[in-house]
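Chemist: One structure, as structure tokens, below. Some questions next.
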Amino acid sequence: MKARTFRLTQIHQRIDERLRVELHKRMPDHFEISRLKTMKLRAKQALHRLVARPNPA
């Protein structure tokens, strides 16, 4: 796994964990949930762009 792919995967996992914690709070902050979901989506899209890009020979 390339370093950039690994780094984006780590970022995605950390955001996912923070989102899970926020969702399980007694009074979750809906603004924070929305922000975390957006960040998670951006990380996922960056991963997909990186993987879909053809490798130069």
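Taken together, the values in this text are just the output of simple stated rules run on the coordinates, not laboratory data. This structure is a prediction, so every number in the text was calculated from the model and none was measured. Ideal geometry is used to build each Cβ from the backbone, glycine not excepted, and the neighbour counts take in all protein chains shown.
Chemist: Per residue of the range 18-32, in order, report the coupling 6.51 cos²θ - 1.76 cosθ + 1.60 (Karplus, θ = phi - 60°) as ³J(HN,Hα) in whole Hz, putting x for Gly and Pro.
Modeler: 4, 5, 4, 5, 5, 5, 8, 5, 4, 10, x, 8, 5, 5, 5
Chemist: Report, largest value first, the span of the C-alpha coordinates of the chain along each principal axis, in whole Å.
Modeler: Sorted from largest, the Cα extents of the chain read 52, 16, 10 Å.
Chemist: Continuing with the same structure: Work out which trypsin sites (Lys or Arg not before Pro) in the chain are exposed loop sites (DSSP not H, G, I, E or B, at most 11 other Cβ within 10 Å) and give the longest gap free of them.
Modeler: In the chain, the maximal stretch lacking such sites is 27-57.
Chemist: Gain in length, VAL51 to ARG14, computed as 0.36 nm per residue apart minus the alpha-carbon separation, to one decimal in nm?
Modeler: Gain on extension, VAL51 to ARG14, equals 11.3 nm.
Chemist: Leaving out same-chain residues fewer than 8 places away, which lysines sit with a Cα under 30 Å from that of LYS25?
Modeler: List returned: LYS37, LYS40, LYS44.
Chemist: What number, rounded to the nearest 500 deg cm²/dmol, is the helix-based mean residue ellipticity at 222 nm of the chain, given -39500 (n - 2.57) per DSSP H run of at least four residues and division by all its residues?
Modeler: Value at 222 nm, helices only, nearest 500: -27000 deg cm²/dmol.
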